[in-house]
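Peer 1: My structure is below; once you've seen it, I'll send some questions.
The values are calculated or read from the model by the stated rules, or taken from the named source; none is laboratory data. Since we're looking at a predicted model, the values are computed, not measured. With ideal geometry, Cβ positions are generated from the backbone for all residues, glycine too; neighbour counts draw on all protein chains shown. Side chains included, ligands, DNA and RNA excluded: accessible areas come from the protein's heavy atoms. Shrake-Rupley method; radii C 1.70, N 1.55, O 1.52, S 1.80 Å.
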Amino acid sequence: MYPKMIIDLKKLKQNLDAVATITKDEGNCSVMIVTKGLCADLNMVELIAKHPKVDFIADSRIVNIKTYCDMARKNNKKTVLLRVPMHCEVEEVVRYVDLSLNSEISTIRLLNEEAKKVGMKHNILLMIDLGDLREGMFFKDEDMIFDAVKEILKMKNINLQGVGVNLTCYGAIIPKNDNLSLLVDFANRIEDKFDIKLDIVSGGNSSSIYLIGKGELPKGINNLRLGEAFLLGNDTAYENQIPGTTSSTLTLQAQIVELKEKPSLPIGEVGVDAFGQKPYYEDKGLMKRAIIAIGKQDTDLDSMTPLDSDIDIMGGSSDHIILDVTNCKKEYKVGDIVEFKLGYGGMLKNVTSKYIEREYIR
Ligand SMILES: *Cc1c(COP(=O)(O)O)cnc(C)c1O
């Protein structure tokens with residue numbers, strides 16, 4: 001059945017080998033592989049769980065982690081919750097997660113209470129915001145950071161395993177030697193001030209891996225958390241392909257349900273489209289228009305590229321996408337399959353849609 005997403009597990013393995021080798025062998029970092037981009041697809045998780053160079057399997061959603069917690073632990077990988085926990089999920093975090101990223105002392109207190117209740121120690125990383133302005137204690141609020149550490153160290157059922165930063169997500173700030181050095185500096189000052197040792201200094205996500213190749217990852221950063229680098233081979237700092245990886249791990253297939261010659265300009269008074277937007281049309285005269293049976297409910301039109309480069313995506317609504325096939329060398333007909341390469345946004349919507357089948361290449 002279509003629409004269908006083809007997940008090439010061989011290519012994912014190739015990417016995993018490449019990014020794990022760079023991160024571990026060249027960067028001297030422990031490796032967290034992030035599963036949220038494919039909604040923790042279990043065939044993918046199995047690859048990760050069996051990989052000798054992976055240390056942690058991470059996701060931002062506890063629902064995903066619950067599905068693979070056993071598989072991860074059986075293979076000696078630790079599970080990591082990336083999004084700072086909700087108060088309402090503290091119980092599940094302590095149960096299914098070996099290490100959580102945190103930035104709120106009220107939440108850490110709840111984690112401590114819950115861990116105490118079940119008689120265990122919960123590991124956390126304290127997130128520090130170096131300017132991207134998503135999660136983390138703001139680096140200029142030093143008193144807040146040191147006060148938090150002081151309180152955390154008094155908690156009997158919390159282990160402060162380290163510190164971390166996230167960049168290039170909201171503010172699109174690129175990790176560099178100078179901003180990541182601030183994180184190392186915080187780690188050193190925390191260690192000196194409280195006479196402790198931090199195991200982990202987590203220097204960011206796929207946008208940090210390029211620093212290893214340039215020899216600019218600051219000494220002291222000893223962990224990276226990689227999602228897109230693994231899934232699509234992207235260095236997300238400068239949109240380069242990471243050496244040894246491929247970007248064609250995923251292919252979306254959709255079927256043509258209508259193919260007709262029609263004008264390029266709609267006829268009648270123009271109002272707003274299905275999504276409340278006022279559309280703009282260019283008059284290209286008569287054109288060959290194909291409708292494929294997939295829509296904005298299932299995918300992101302801006303994050304999918306037709307493999308046939310003569311196809312133009314014109315637009316779409318919830319359940320339809322309209323393609324301009326006028327200039328194609330191939331004679332498309334109703335029932336034909338059109339293939340697309342996916343970007344991060346397209347991949348995310350595709351795997352989240354229950355209307356898209358999955359097929360695996362092994
Ligand atoms: C999603 C996420 C990652 C992985 O990001 P990529 O850009 O896909 O590597 C890492 N850390 C945190 C906190 C995240 O939320």
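Peer 1: Please count how many residues of segment 17-26 are over 11 Å from Leu226 (Cβ atoms) and touching a helix residue (DSSP H, G or I) at 6+ places or on another chain (Cβ under 7 Å).
Peer 2: 1
Peer 1: If you check Val54 against the conditions, is it within 16 Å of the chain's Cα centre (by Cα) and either modelled with pLDDT of 95 or more or not basic (Lys, Arg) (or both)?
Peer 2: no
Peer 1: Can you name the residue in segment 314-341 that is among the hydrophobic types (A, V, I, L, M, F, W, C) and over 24 Å from Tyr355 (Cα atoms) and is also least open to solvent (accessible area, probe 1.4 Å) among such residues?
Peer 2: Once the filter is applied, the top-ranked residue is Val325.
Peer 1: Still on this structure: Counting only residues that are part of a helix (DSSP H, G or I) and either away from the ligand (no atom under 12 Å from the Cβ) or closer than 17 Å to Glu216 by Cα (or both), how many does segment 16-38 have?
Peer 2: Qualifying residue count, segment 16-38: 11.
Peer 1: Pull up segment 1-27, narrow it to residues that are within 26 Å of Asp336 (Cα to Cα) and open to solvent by less than 60 Å² (accessible area, probe 1.4 Å), then point me to the one that is farthest from the chain's Cα centre (by Cα).
Peer 2: Pro3
Peer 1: Further question: Just wondering, is there one or more residues in segment 251-267 that are open to solvent by less than 50 Å² (accessible area, probe 1.4 Å) and within 30 Å of Thr23 (Cα to Cα)?
Peer 2: yes
Peer 1: Could we say that Ser248 is under 21 Å from the mean Cα position of the chain (by Cα) and under 18 Å from Asn166 (Cα atoms) here?
Peer 2: So Ser248 does not fit the description; no.
Peer 1: Please verify whether Ile311 is β-branched (Val, Ile, Thr), without any contact (Cβ under 8 Å) to a residue 40 or more places away in the chain, open to solvent by less than 60 Å² (accessible area, probe 1.4 Å) and farther than 28 Å from Asn64 by Cβ, treating the condition exactly as stated.
Peer 2: Here the answer is yes, as Ile311 does meet what is asked.
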